[in-house]
Amino acid sequence: MVLEQEQVGMIECSVCHSKIEPPASKSISRAYDKHRTFVSSKTRFLNVILVAGDCLLVGFQPILVYMSKVDGGFKYSPISVNFLIEVAKVIFAVVMLLFQSRHKKVGEKSLLSVSALVQAARNNVLLAVPALLYAINNYLKFIMQLYFNPATVKMLSNLKVLVIAILLKMIMKRKFSILQWEALALLLIGISINQLRSLPEGASSFGLPVATGAYLYTLIFVTVPSMASVFNEYALKSQFESSIYHQNLFLYGYGAMFNFLAILGIAIFKGPSSLDILQGHSKATMLLICNNAAQGILSSFFFKYADTILKKYSSTIATIFTGIASAVLFGHTLTINFVLGISVVIISMHQFFSSYSKVKDEQRSGNFKMVESIDSQRSRDASFPNMTDVSENASHHVNEEKGPLLPV
């Protein structure tokens, strides 16, 4: 069987003339396809652990933010919390690099050597883009808590899935089946069921009516982290052979730098007293810092070894935990809208990851099998000709050996 490449990018089989799309040539697609195709039981178990840990951490995050509020506001600077979170993640990356350097094999270059760090910095300079977007998003998380209860914040964050799917299709050339797009549409319906009715009457935001301010924050809250997640996955997978701890070091280093610049900017307008990054912190904020740091570290493994869609659906599952915990701890009412919305979201998640949503891939692999079957059948026919051909060939061969018959 010979496959011929056409100018339009399709591959045509010379036997059955069926056309298929060639595999992606970019390293990003190769890294994703390789991980998706060859998934061992150990990797599946690791993914389950990542999802379970992510659900727990993401579920607790809005609860801890709500607990850290005093009289409906924050006594500390949210930017200082984000700065300390990035510093904690940088420390974790350095510790892991030290651990790997001590257990490196003979002849291997240390990951903390100057040449290795300089090379890693050059290869991963693109991580500055998601780091800036994450710095903006982490501040928006606190702003959203001023207008919505924790469960509603988690429901709104699920809107990111649709935006992420569109960005993945545009930037990373990911393909989704019709059933998967329908699943994303169901996700939007489920989120819409839970109406935004938690805003206090007559409240305002920076001089804007509360509805305008809240929906404006929601728009930014959805688009900015979606772009950050896709750019982060793109940057991590484009340098798939690089150490993830090298990449985390620079990603979190850029994030700490951007948050520190924000602290300096606030100090210029509000005075040197705002440079006290520990002012107004409590036990709840310390737990929040640890929680968000661990959540960020887990996210990097999702983006490099899995994909952004799985990460966001994992966060969706955390909505159930957040809703129940906020009801138990703070007395927030779980309305029928919330229950129905969560039910639709779970159905959407099941449909998106169902085997039926991958019918297109199965049909394509079926075409491969059909072509291989036709080719093997032709090979067998060539190796075992029918009896008529055998007798004719044998008769012709005998006549040639005897030569021409002489008349009597």
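Quick notes
- The stretch 61-91 - residue that is modelled with pLDDT under 85 and part of a helix (DSSP H, G or I) and, of those, most open to solvent (accessible area, probe 1.4 Å): 67
- Residue within the stretch 296-307 that is within 28 Å of residue 339 (Cβ to Cβ), modelled with pLDDT under 90, open to solvent by 30 Å² or more (accessible area, probe 1.4 Å) and assigned to a helix (DSSP H, G or I) present: no
- Applying the condition of being farther than 29 Å from residue 227 by Cβ and assigned to a loop (DSSP other than H, G, I, E, B) to the stretch 267-295 and asking which residue is farthest from the chain's Cα centre (by Cα) yields 271.
- Consider the stretch 105-120 and keep the residues that are outside any helix (DSSP H, G or I) and exposed (fewer than 13 other Cβ atoms within 10 Å of the Cβ). The one that is modelled with the highest pLDDT is 113.
- Test set (1) touching a His at 6+ places or on another chain (Cβ under 7 Å); (2) hydroxyl-bearing (Ser, Thr, Tyr); (3) without any contact (Cβ under 8 Å) to a residue 40 or more places away in the chain - residue 273 fails condition number: (1)
- Of the numbered criteria (1) open to solvent by 20 Å² or more (accessible area, probe 1.4 Å); (2) at pLDDT below 80; (3) touching a helix residue (DSSP H, G or I) at 6+ places or on another chain (Cβ under 8 Å); (4) under 30 Å from residue 238 (Cβ atoms), the one residue 365 fails is (3).
- Taking the stretch 158-187 as the range and being over 15 Å from residue 351 (Cβ atoms) and not in a loop (DSSP other than H, G, I, E, B) as the test, the residues that pass are 160, 163, 164, 166, 167, 168, 169, 170, 171.
- First in the stretch 278-304 and without any contact (Cβ under 8 Å) to a residue 40 or more places away in the chain and within 13 Å of residue 57 (Cβ to Cβ), second anywhere and part of a helix (DSSP H, G or I) and of a type in the set (Asp, Glu), Cβ under 7 Å, 6 or more apart: none
- Hey, residue 98 in a helix (DSSP H, G or I) and over 27 Å from the mean Cα position of the chain (by Cα) or not: yes
- Subset of the stretch 240-265 (residues that are surrounded by 23 or more Cβ atoms within 10 Å (Cβ to Cβ) and either modelled with pLDDT under 90 or farther than 24 Å from residue 80 by Cα (or both)): 246
- Flag if residue 231 is at pLDDT 90 or above and surrounded by 13 or more Cβ atoms within 10 Å (Cβ to Cβ): yes
- Of the residues making up the stretch 274-285, one or more are at pLDDT below 80 and buried (at least 17 other Cβ atoms within 10 Å of the Cβ).
The values are calculated or read from the model by the stated rules, or taken from the named source; none is laboratory data. Keep in mind the model is a prediction, meaning the values are calculated, not measured. Backbone-built Cβ (ideal geometry, glycine too); neighbour counts: all protein chains shown. Heads up: the accessible areas ignore ligands, DNA and RNA and are worked out on the full protein's heavy atoms, side chains in. Shrake-Rupley method; radii C 1.70, N 1.55, O 1.52, S 1.80 Å.
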